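Right, one structure below, let's go through it.
The values are calculated or read from the model by the stated rules, or taken from the named source; none is laboratory data. The model shown is predicted, which means the values in this text are computed figures rather than measured ones. Note that each Cβ is placed from the backbone with ideal geometry, even for glycine, and that neighbours are counted across all protein chains shown. The protein model used for the area step is the full one, side chains on, heavy atoms only, and it has no ligands, DNA or RNA in it. Shrake-Rupley method; radii C 1.70, N 1.55, O 1.52, S 1.80 Å.
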Amino acid sequence: MRIVGRVLLVFVVALASLGAMSQQHAEQSAGDKEIRIGNVMPYSGPLSEFGAIGKAEAAYFDMINDRGGINGRKVRFITRDDNSDPTTALELTRNLVEKDDVLLMFGSFGTPGNLATRRYLNEKKIPQLFVASGDEELSQAKAFPWTMGWQPSFKAEGRIYANYIQAYYPHRKIVVLWQNDQFGRVLFKGIEEGLGDLNRLVLVDIAFDIADEHLEGHVSILKRAGADIFVFLGVPSTAAKVIKLAAALKWRPVFIVNDASASIANAMAPAGLENSAGVISAAFLKDPSDPAWKDDPAMKDWFAFMDKYHHVESTNNSAALYGYAVAEALTRVLKQCGDDLSRENIMRQAASLRDHQPPVALPSIRMNTSPDSYLPIKQMRLVQFDGRSWQPFGEVIETAFSEGAKR
């Protein structure tokens, strides 16, 4: 994924004195009473809307500590701001390992930063667990056995949209507006792979920068192309602007947005619920702003958690829900470790998850890993926004065709 100054935010969750520096050691002993976890997030800069992930993770571990910790140990969660800069991410990660003595790195955000730190962490044999990126390069078990993803693959998500278009709108013309970074490129590559020879149906594709001031011109060009299907691949704040711009131009194509932008609170509502009606996406987590889940027990737990531990203006932030879900997954792995908190055992437990359903995941979405499979969540559901709620349709999708039909 892709101002003034650089802000360093350090959230430390612990009952021990925050000023004390822990003694350096390679592994945690059975008598150690805390688990030190490192994390890097874009709390400032162009992708700061995803800083909500790290803040929710910090609050989750606060809740875990209030409940006695993990197997009797409290969590010290140290999360720092890299301003979406991979060079800064590497520097901060080194400091977390070598100065803060973290046992593992967890949930750091973005493809560039995680790729920048991957070799260092693998050479040091430090777990780089459940990275906040769907790039398949971060789930290569054989080449980088200390690095593991969490969410569905971006490329597979792109193929899902391509397969959907072929199944429901064969021979229809397509335009694509994609974020000009590794996140957007990989999603678009998945669509191209899924369409195969049918890429000729893509009339125009436009790459945009995260701070692009020419969105209106881009949308106007895409409309004039005369396509039936508009695919947007980017962040929620930009998705909201693009949906609103299309409506202002009285353009109502079949509108597809990627999962990261499929948030009622962060994209559909800001764009206007009427304008957003009909939008298609693929999802694996529940949307906290979707009224369909108001009576769901897991979502009631989420809102109670937000009220008690994470006091923010809105409890409907999908990025925050992502942070809550992935922190729950790490907590499960660490509980499975028992008293053996060696780094080798942490990776062994992370690579032996069997049919675990994250509480806030959509029904039938499961986590499964093995020593040869480092992508825990491989399933998604197609959903359509009806102006109020996301309506799922079709079956749970675990695989998508990698090559389109030849027509």
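Collect the residues in the stretch 108-117 that are buried (at least 22 other Cβ atoms within 10 Å of the Cβ) and more than 19 Å from Phe77 (Cβ to Cβ), keeping them in residue-number order. Within the stretch 108-117, Thr111 is the sole residue that qualifies.
Just one residue in the set Ala277, Ala246, Ala267, Ala262 is more than 23 Å from Glu213 (Cβ to Cβ) and surrounded by 18 or more Cβ atoms within 10 Å (Cβ to Cβ); that residue is Ala262. Scanning the stretch 136-165 for residues that are among the polar types (S, T, N, Q), crowded, with 18+ Cβ neighbours inside 10 Å and out of contact with any helix residue (DSSP H, G or I) (no Cβ under 7 Å at 6 or more places or on another chain) turns up Ser139, Gln151. Has the stretch 349-359 got at least one residue that is within 21 Å of the chain's Cα centre (by Cα), among the hydrophobic types (A, V, I, L, M, F, W, C) and buried (at least 22 other Cβ atoms within 10 Å of the Cβ)? Yes; the residues of the stretch 349-359 include at least one that is within 21 Å of the chain's Cα centre (by Cα), among the hydrophobic types (A, V, I, L, M, F, W, C) and buried (at least 22 other Cβ atoms within 10 Å of the Cβ).
Take the residues in the stretch 230-240 that are under 21 Å from the mean Cα position of the chain (by Cα) and not small (Gly, Ala, Ser), then tell me which one is nearest to Asp287 (Cα to Cα).
At the first step, the residues of the stretch 230-240 found to be under 21 Å from the mean Cα position of the chain (by Cα) are 231-240.
Checking the rest, the ones that are also not small (Gly, Ala, Ser) come to 231-233, 235-236, 238.
Working: Val231: 20, Phe232: 19, Leu233: 18, Val235: 15, Pro236: 13, Thr238: 18 Å.
So the residue we want is Pro236.
Here Val131 fulfils each of the conditions (1) surrounded by 24 or more Cβ atoms within 10 Å (Cβ to Cβ); (2) within 17 Å of Val396 (Cα to Cα) apart from (2).
Given the structure, is Gly272 modelled with pLDDT of 95 or more, on the phi > 0 side of the Ramachandran plot and surrounded by 15 or more Cβ atoms within 10 Å (Cβ to Cβ)? So that I can check it myself, show each step before the final result.
Values: modelled with pLDDT of 95 or more: yes; on the phi > 0 side of the Ramachandran plot: yes; surrounded by 15 or more Cβ atoms within 10 Å (Cβ to Cβ): yes.
For Gly272, the condition - modelled with pLDDT of 95 or more, on the phi > 0 side of the Ramachandran plot and surrounded by 15 or more Cβ atoms within 10 Å (Cβ to Cβ) - is met.
Do any strands (runs of 3 or more DSSP E) entirely within the stretch 26-107 hold 3 or more residues that are open to solvent by 10 Å² or more (accessible area, probe 1.4 Å), and if so, which?
Working: elements: 34-41, 74-81, 104-106.
Strands (runs of 3 or more DSSP E) meeting the threshold: 74-81.
Taking the criterion of being of a type outside the set (Asp, Glu) and under 19 Å from Gly134 (Cα atoms), the residues of the stretch 326-346 that qualify are Val326, Ala327, Ala329, Leu330. Given the structure, is Ala298 open to solvent by 30 Å² or more (accessible area, probe 1.4 Å), of a type in the set (Gly, Ala, Ser) and more than 19 Å from the chain's Cα centre (by Cα)? No, not satisfied. May I ask you to verify whether Ser44 is polar (S, T, N, Q) and at pLDDT below 95? Here the answer is no, as Ser44 does not meet what is asked. Taking (1) surrounded by fewer than 22 Cβ atoms within 10 Å (Cβ to Cβ); (2) modelled with pLDDT of 95 or more; (3) not polar (S, T, N, Q) in turn, Leu198 satisfies each apart from (2). For the condition surrounded by fewer than 24 Cβ atoms within 10 Å (Cβ to Cβ) and modelled with pLDDT of 95 or more, Leu203 qualifies.
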